[in-house]
Every structure is written in structure tokens, then in C-alpha cells.
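Contents: one structure, followed by commentary.
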Amino acid sequence: MFIVHVFVHVKGDQVEAFQAATLENARNSVQEPGIARFDIIQQQDDPARFVLVEVYRTSDDPAKHKETVHYQKWRDSVADMMAEPRTSIKFTNLFPGEHGWD
């Protein structure tokens, strides 16, 4: 598995619009064969901050995800909602291993 945490800081007046656009993207993203999981996490003490936890089956799958219409629609629709550029950190899982969640 290849995991990406995307850190997003949204303008305060854009939180609801960002949530709606991101939920639509997530619902479509989990239908992709290369995506094992797609979580949207909102910070409790600062609701304008989010983390997207994207779990891909291979390290090639994020590039495939970025080619989809729903990702491109999300990217374009949230661009002006950002209080600052989003950042990401990439991870490789150690457990569970490649044989599943056992």
C-alpha cells in the first residue's frame, strides 16, 4: 500500500463548499480500482483544516487518480478555497503487510 496524507487549510468562509466538493470527489475516488481507502478528516479545534488520507494499492495509482475527471473537477473547484497551498506527505505501510489486514 501507498498512503498519502494531504494537508489542507481552507478559507474560513469556504469550509462548507470545500466539504461538499471533497465528499463528491471521495465518493467517486473509492470507486477507482487503485484506491483502497479515502478518508476526509476535519480538525476539531480548527474546522478550516483538513487531512485527506488516501490509501492506494500501488505507488502508480496516485497518478492514475489525478487523471480522472472527478479529481480534476475537485482540484479546479477547490483551488480558490485554499487559505494556503495544500501539502502532502507520502507513506508506505509496514503493518498490515501486503497480504491483507490480518
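Taking (1) under 18 Å from K90 (Cβ atoms); (2) under 13 Å from the mean Cα position of the chain (by Cα) in turn, Q42 satisfies each apart from (1).
Being free of Cβ contacts under 8 Å to residues at least 40 places away in the same chain, part of a helix (DSSP H, G or I) and not hydrophobic (A, V, I, L, M, F, W, C) is the filter here, so list the residues in segment 60-79 that pass it. Within segment 60-79, K64, H65, K66, Q72, R75, D76 meet the criteria. The requirement of being over 14 Å from the mean Cα position of the chain (by Cα) and not aromatic (F, W, Y) is satisfied by A48. Looking across segment 10-27, the residues that are closer than 14 Å to M82 by Cβ, part of a helix (DSSP H, G or I) and more than 16 Å from the chain's Cα centre (by Cα) come down to G12, D13, Q14.
Note on segment 15-50: residues that are surrounded by fewer than 16 Cβ atoms within 10 Å (Cβ to Cβ) and touching a residue at least 40 places away in the same chain (Cβ under 8 Å) total 2. For A83, the conditions (1) under 19 Å from V4 (Cβ atoms); (2) surrounded by fewer than 16 Cβ atoms within 10 Å (Cβ to Cβ); (3) touching a residue at least 40 places away in the same chain (Cβ under 8 Å) are fulfilled apart from (1).
Bear in mind these aren't lab numbers, they're just calculated from the coordinates by the rules spelled out. In this text, all values refer to a predicted model and were calculated from it rather than measured experimentally. All Cβ positions, even for glycine, are placed from backbone atoms using ideal geometry, and neighbour counts span all protein chains on display.
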